[in-house]
Every structure is written in C-alpha cells, then in structure tokens.
Amino acid sequence: MRVRWFGVMLGVVLARAHGAAQDEVVIEASPLGVLRFHFPDGATADWFPSVMGAEWAYTNWRDAFMVDGSGHDLFSVGQRTRLPVRNADNGVLDLFAQFTVVEDAPEVLHFTYQFSAPEDVRLNTAYIECTLPAASFAEAALETIGGPPCPPVLPAQPMGEESHLANGTGSGLATADGTAHAVGVQLDQPKWCVALDARVWQQPWYALQFCALAAADGTLLAKDTTADVSGDLTFACPVRVAEPAVATPAAPLAGQKLHWSATDPEGLCLRNAAGERVAWFDPVVASPAGEPPQLKEQTLAGPEGEGSRLEAQWTARGDGKLSPAQTALVRDNVLTIEAELTAPEDYDGPPVIRYFSLPASHFAGCKLTFVGETEPWLILLPELLDRGLGRAMARGVRVSQGDTQILQLEADAPRCWTEYTVDGSFGVAECLLGNPIARHAYGGSGNHYLGRLTARAGDR
C-alpha cells in the first residue's frame, strides 16, 4: 500500500483548525471539466486541464468541447472532452478524466487524466492546473514533494518579473499546510511540476501545475498515443461532491401545445397556446461586435408553408461587410430556416453566430442534450460555474423537461453549439462562420455558409 504524503497533518488540522464534524470541502463540477473547491471558510480554488501549443500558446477548459457525459460524470464513469491546441494547424487533444474518493480516506480524491492525439500534434505541454486566489493564499506554506527547492511560502508581494516559484520534476506540490485551505498533490509517477505567481501577468492568483507531458522546445504527440498524469489530491477535511442542483421552471412547457411562427413581427419564435412567446431566434445571424444589421423582410405564403424571407446588410468590426440571406418556412408546425452568407475577402472579424433564447421562467432545470453520436448533456441552471457554459460539435440541441421533449433544433451538418446564461435567460448559439473560441483565430476571408436548420416542437 502506497503511503500518502500529507496524511500526518490531516489529523492535526481536523483536531485544531475547525474541529467541527461538519467541516468539509465541497466540490462543484462544470460540464467542460473545471472543478471548484469550496473551503469551509468560503475561500475557493479551481482545478482544470490546460494545454500549451507551440510557443506556449495557451488553451484551457474554457475552450473545451464536451464529447460525452456531463460534469458530474467526472466522479463516476469519467468524462471525455476535447481541447483545441493553438498554433498547431487546428490540432486537438482528447482528454479522459476521472475522480474517485479514496476508500477509508474521505479527505483524499484520486484523479486520472489521459491526453490522447487523434492526429499528430505538436505542443509544449499538457497539464492540470490548480489556481489559488492570492487574497486567500498569500503567505501560505509551499512545499515540493520529492522535487527541487522552492520558497517556504507563497509570496505576499510579486517577486519582480519572476513568475516561477518551483519548476522541475517531482512527485507533487503542497500548499497551506496546517490550515483549512490545505491542498496537497502526490503524483503516482514523478512529473514536471510548476508553482507560479500569476500576478506577473496581472492575474490575481498563484497556480500549481502537474504536467502529463512537457518539452521547452516542443514535442510531438503522435496519433493514437497518450500522455497521462494521476495521483492523490488531499485536503484538510473530508470532501463532498455537490449534487447537481435541482430547479423547476416557474412556467413549465411540458405538455403544452406549442407552435412555431415565421411571420411574427418579433421574429422567428415559439409560442404557446395562449399566444405567449416562449423561445425565439435573434432576427438575423449576427456577431457580438459591429453595427446592428439593416434588415429587409418579405412575408411568404404558399403550398410550401408560410414564412418570411429576410436580407440584411451588416458591417462588422473593421468595416468587414456581410450580406446574409435567410428564408424561414413553417409547415406542419416544423420551422425550417435556410440561410447563406459569405465572408468577404477582407473579412477578419468575430465569428458569425445564430442565437436562440430560452427564458429561465420556462426552461430552468430542463435538460439540454447536444444531438450527435455521443450526446453529451447538461442541466440548464443559472448558477453553474462560468455562466453554465457548455459546448460541443453537434448537429443541434434537444431540450427536455423530465421525460418530455419540448423542442429540438437540428442543422444539416455538425457545427459548434454553445450554451450560456445571461440576464435571466439561457442562450444557445450555433456558429456559422469563423471560430467561436476566445483567444483563437476569428472568422477568415472568404468563409462561406450555406445550410439549413430544422426546428421542431414537442416529441415530433
């Protein structure tokens, strides 16, 4: 049986620091793979995967795509996500992650991360990162486990331009020994470990990093090969994994008769039997930056159904011009949207997105499933980490309340779909042109979109 470092002080802390039996570290999980540790006094720390492509180009969990499962699957069968690798010609890494509470040691979580390459990809490092807010961890004890020396504490003030506090091969790192904030990581196998002060880059935290693979000059992770990092994550008191929150919509839609409208003055929308607008599209595909579009709309009616044809002239940031054309028809209560647009040759702006809004009053607590082969899913909640963000390459999304399907949006080809929360509503965004991921390349010259979206209400 492997002897775990960090165990001696646990009894001391449990006996003297907070003493109360109810002291615990509560762990909250996000669908994209980040964990947030809530300590007994309200302090928090985040734990998540990151990748650096060539020239240390950074990607973390915020850029990830869900592949299967939901955030809570990290603590059972495991969860799979996909991380883009910047500066790698659209390369990606697939990631499997899994946590288990160690038997007879409720303060210890064993973690396993496995990075794999579906195609050859060059990168500098793939690692797990724990960010510790400086306001809570300044002057906390710092120690390497079987690694190079480091300062005895996390410095209260930045050390000039020096960011690295520990940097080298070791068996782990630990901080805040003897306090309720204690975090210790002992790896199953020695790996490159880093402790750094991110305030050098105007970020208010320290970070502990544990590398599955690292090479200062870059290295190739070949197709179908893996890089792993695993070990024990130890706290000062028992951990409790927060159960997914439960919410019920104030005005549920399950069982109601819903119908689509393509000629509504308020734009393409879903209405209930009372005529109330319960979900809707933005009036035209648009981008988060630039001038509002100028619209020209025409009502259609005929054997193919009733609907509308819309043309728009839109000026993006940097004077890039877009001219989307969209036709929407409703037939047998199925809404079909066909659109076409091309980015001009000089276009170098934000991605072009089609937005769909789901008010929390109707959809809080509903299940959103990304439609595809593996169908990852999440629960629509306004208080999830980072605005409830979920993202997947999928043909569309399906929204259900309990066992009742409320609606489904499905495109004619897989695209990037993102879920987010804002101002009392849930948003669903389908990326038509460009790259929707922050810090990555935006839409490019000459990108072309021609496609169809089909929207259904109820179980049909």
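Hey, does segment 56-74 have a residue that's more than 26 Å from residue 390 (Cβ to Cβ), out of contact with any Pro (no Cβ under 6 Å at 6 or more places or on another chain) and not hydroxyl-bearing (Ser, Thr, Tyr)?
Kept after step one, since they are more than 26 Å from residue 390 (Cβ to Cβ), are these residues of segment 56-74: 56.
Among the residues that remain, those that are also out of contact with any Pro (no Cβ under 6 Å at 6 or more places or on another chain) are: 56.
From what's left, not hydroxyl-bearing (Ser, Thr, Tyr): 56.
Looking for residues that are more than 26 Å from residue 390 (Cβ to Cβ), out of contact with any Pro (no Cβ under 6 Å at 6 or more places or on another chain) and not hydroxyl-bearing (Ser, Thr, Tyr), one finds at least one in segment 56-74, hence yes.
For every residue, the table says whether it meets (1) among the charged types (D, E, K, R); (2) surrounded by fewer than 20 Cβ atoms within 10 Å (Cβ to Cβ); (3) part of a loop (DSSP other than H, G, I, E, B).
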site: 374; (1), (2), (3): no, yes, yes
site: 391; (1), (2), (3): yes, no, no
site: 397; (1), (2), (3): no, no, no
site: 405; (1), (2), (3): no, yes, no
site: 410; (1), (2), (3): yes, yes, no
site: 421; (1), (2), (3): no, no, no
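Applying a threshold of 7 Å to beta carbon distances and a minimum spacing of six or more residues, or different chains, the list of pairs starting in segment 391-418 at a residue that is closer than 23 Å to residue 247 by Cα and ending at one that is part of a strand (DSSP E or B) and of a type in the set (S, T, N, Q) reads 391/418; 397/369; 398/369; 398/405; 398/408; 406/400. When residue 160 is tested against (1) modelled with pLDDT under 95; (2) closer than 25 Å to residue 36 by Cβ, just one condition goes unmet, and that condition is (2).
The values are calculated or read from the model by the stated rules, or taken from the named source; none is laboratory data. Note that the structure is predicted; figures quoted are calculated from it, not measured. Every residue, glycine as well, gets a Cβ built from its backbone with ideal geometry; the counts of neighbours run over all protein chains shown.
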